[in-house]
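Asker: Structure below; questions to follow.
The values are calculated or read from the model by the stated rules, or taken from the named source; none is laboratory data. Worth saying up front: this structure is predicted, and the values here are computed from it rather than measured. Quick reminder, even Gly has a Cβ in these numbers, built from the backbone with ideal geometry, and neighbours come from all protein chains shown. Please note that ligands, DNA and RNA were not included when accessible areas were found on the heavy atoms of the full protein model with its side chains. Shrake-Rupley method; radii C 1.70, N 1.55, O 1.52, S 1.80 Å.
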Amino acid sequence: MPERSLRIVQVAATRVGGDWFHDQVTGLARLGHEVLAVLPADGPLAGRLRAAGVPVEIIPFGLTRRIRRLPGVAAANLRLLRLVREFRPDVIHAHLLVAALCCRLAALGHRPALRVTQAPGMPQLNRPVLRWLDRRTLRRDDLLIGSCQAIAEVYRAMGARAVAVSYYGCDVHRLDPHASGAGFRHEFGLAEGTPTAGMVAYMYRSGLRGFREIGVKGHEVFLDACPLILEQVPGAQLFVVGDSLMGDESYRRDLEARAAALQVADRVHFTGRRSDISSVMAGLDVVVSPSIQESACYTMVEALLMRKGAVASDVGGLPDTVQHGETGLLVPPANPAALAAAVTELLTDPARRQEMGSRGREHCLRRFDIDATVAQVESLYRAGLRRSKRARQTP
């Protein structure tokens, strides 16, 4: 007998980016579940979800220490609780720490709901107040899903009641490893055999203690590595693909000034945000992720699906994607010299990077297929609901 469909509230504390959220929500809807997405503000993510037929509620939930904002934030969080009470979901699934904290309160609106938090990253845990709140409320979750092994281990150590690992998946067949990069290369006047390397990431600053001068994605590390790469591969052309996450252009200007100060501005191309990621990836020989903190990282999954050389920081979930010596190379974080050496190694050894890229594609096809990851999330929901039902029936 087929199991009944579930009523699911999915909540994310972002209005931009969020491919990982979009793909999971729409995947659950395709399985026949009734999914309601809740976001703190309208924006590109809400538009994409609505276009996919997913209903979206905009509720500006959140946290604040500003007295003037307290009434508005409290009212929004109460709206979230009322929505939960009226929708009566089987599952409340929160993504990102602020959403998790608000949902742990909102779940009081319908106590039988399975309470799930999925952590796509850990930067917010570096804020003492948020980390304290997370630890104090963590056991209100029935299930904590780490989006990589490293995040799952952090929450096991913090005392979560139940922990699982489920990667944020994507459409692994969307990117064709045989796609031509000629258009991208022609745009920048590059000859066919010109060595190319670049990073593809949003730009945003870091508040991490000890890394105040380096953004979360490590753009500064890549730029500092560029002169070292060019010493060894003089003909290389290097790329920074992406733009500011929230529209603040000052950080990009700082990065461009850094490239100029390093005297590599004529060899480092800031492309801005690109929608033709397949063409961009096809035009790069090596894709770099020098992040200071990261989960499994969509960019590196996409790079390996395109059979590209991959170099990444040995932090967070990046080793789940870039397996050192097998699917790419890992380097210590915030180490421009090590990053440059690894990029140079792959730029100068096409056969090795192609072999690693081929293994990486097979690895990512297995691990990050959206149908498989959504099916796993659904299975975790049903197992959690069965556990909760047994617990309620136990005298």
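Asker: Name every residue in region 166-179 that is touching a helix residue (DSSP H, G or I) at 6+ places or on another chain (Cβ under 8 Å) and either free of Cβ contacts under 8 Å to residues at least 60 places away in the same chain or not β-branched (V, I, T) (or both), in order of residue number.
Answerer: The answer is S166, Y167, Y168, G169, C170, D171, R174, L175, D176, P177, A179.
So that you can scan it fast, the table gives a plain yes or no per residue for (1) more than 26 Å from the chain's Cα centre (by Cα); (2) among the small types (G, A, S):
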| site | (1), (2) |
| --- | --- |
| E3 | yes, no |
| F21 | no, no |
| G43 | no, yes |
| G53 | no, yes |
| I58 | no, no |
| R65 | yes, no |
| R68 | yes, no |
| L78 | yes, no |
| R85 | yes, no |
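Asker: Out of all the residues in region 104-158, which are closer than 25 Å to T373 by Cα and acidic (D, E)?
Answerer: Matches in region 104-158: D141, D142, E153.
Asker: When region 258-291 is examined, which residues are found to be assigned to a loop (DSSP other than H, G, I, E, B) and either open to solvent by 10 Å² or more (accessible area, probe 1.4 Å) or without any contact (Cβ under 8 Å) to a residue 40 or more places away in the chain (or both)?
Answerer: Selection gives L262, Q263, A265, D266, R267, R273, R274, S275, D276, D285.
Asker: Another one. May I ask you to list the residues in region 359-395 that are of a type outside the set (D, E, K, R), more than 20 Å from R4 (Cα to Cα), assigned to a helix (DSSP H, G or I) and within 23 Å of the chain's Cα centre (by Cα)?
Answerer: Within region 359-395, G360, H363, C364, L365, I370 meet the criteria.
Asker: I would also like to ask the following. Among helices (runs of 4 or more DSSP H) lying entirely in region 1-113, which contain 3 or more residues that are within 22 Å of R140 (Cβ to Cβ)?
Answerer: 70-87, 97-106
Asker: What number of residues within region 345-383 satisfy the criterion of being over 18 Å from G27 (Cβ atoms) and surrounded by 18 or more Cβ atoms within 10 Å (Cβ to Cβ)?
Answerer: Looking only at that region, the number is 8.
Asker: Of everything in region 143-165, what is of a type in the set (A, V, I, L, M), more than 21 Å from L385 (Cα to Cα) and either open to solvent by 10 Å² or more (accessible area, probe 1.4 Å) or free of Cβ contacts under 8 Å to residues at least 12 places away in the same chain (or both)? Give them in sequence order.
Answerer: If the condition is that a residue be of a type in the set (A, V, I, L, M), more than 21 Å from L385 (Cα to Cα) and either open to solvent by 10 Å² or more (accessible area, probe 1.4 Å) or free of Cβ contacts under 8 Å to residues at least 12 places away in the same chain (or both), then A150, V154, A157, M158 are the ones that fit.
Asker: Checking L228 against (1) open to solvent by less than 60 Å² (accessible area, probe 1.4 Å); (2) at pLDDT 95 or above: exactly one of these is not met. Which one?
Answerer: Checking L228 against (1) open to solvent by less than 60 Å² (accessible area, probe 1.4 Å); (2) at pLDDT 95 or above, the one that fails is (1).
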